[in-house]
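Down below is the structure, laid out as structure tokens.
The values are calculated or read from the model by the stated rules, or taken from the named source; none is laboratory data. This one's a predicted model, so the numbers in the text were calculated from it and none came from an experiment. Accessible surface areas use protein heavy atoms only, side chains included; no ligands, DNA or RNA. Shrake-Rupley method; radii C 1.70, N 1.55, O 1.52, S 1.80 Å.
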Amino acid sequence: GERGTLPEGVMLSRRTPAAWRKGFALHRRKAGTDRYGDAVAVYDMEHPDVTVADGDEDGICWQSVRTWQSGGNLSSGGRVDAGGERIGGILEGVVYGSLEAAVFDRLVIDGAVYELRAIQSWPCHRVFQLQRLR
């Protein structure tokens, strides 16, 4: 082909090793009603819809946050300080498996609850953008 082009079907990214994939519990958003009969989002936080173990095909691989950032005092990704590893308020990760997830579903990761705010679909993976709930 021409200079600077790749043969059809060649991808520039490589799959992340399974050992790097982080597990989580997925709680899907469901429709419910409040005491007045109005429609509200409901989450069964006691019983996850799906549990993914570390290293599973559907595990999430953390990335540096590049595509979305909110204002305020939230930090991006994780950091390490004198007190140990700290996970910030906004996370972005790649998922290679076929796990069914939707915006506003909730993921519990190491005891912290995150809401799935955006999903970007690519030919071989999806990018999940999560925000920690206060």
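Just a few scattered comments:
- In this view, the solvent-accessible surface of E100, computed with a 1.4 Å probe and all protein chains in place, comes to about 140 Å².
- Order of exposure, largest accessible area first, which applies to Y96, Y114 with probe 1.4 Å: Y96, Y114
- Accessible area in the full protein assembly, largest first, 1.4 Å probe, for H125, H27: H125, H27
- Amide H partners (placed H, <5 Å) of D49, local residues excluded: L26, H27, R28
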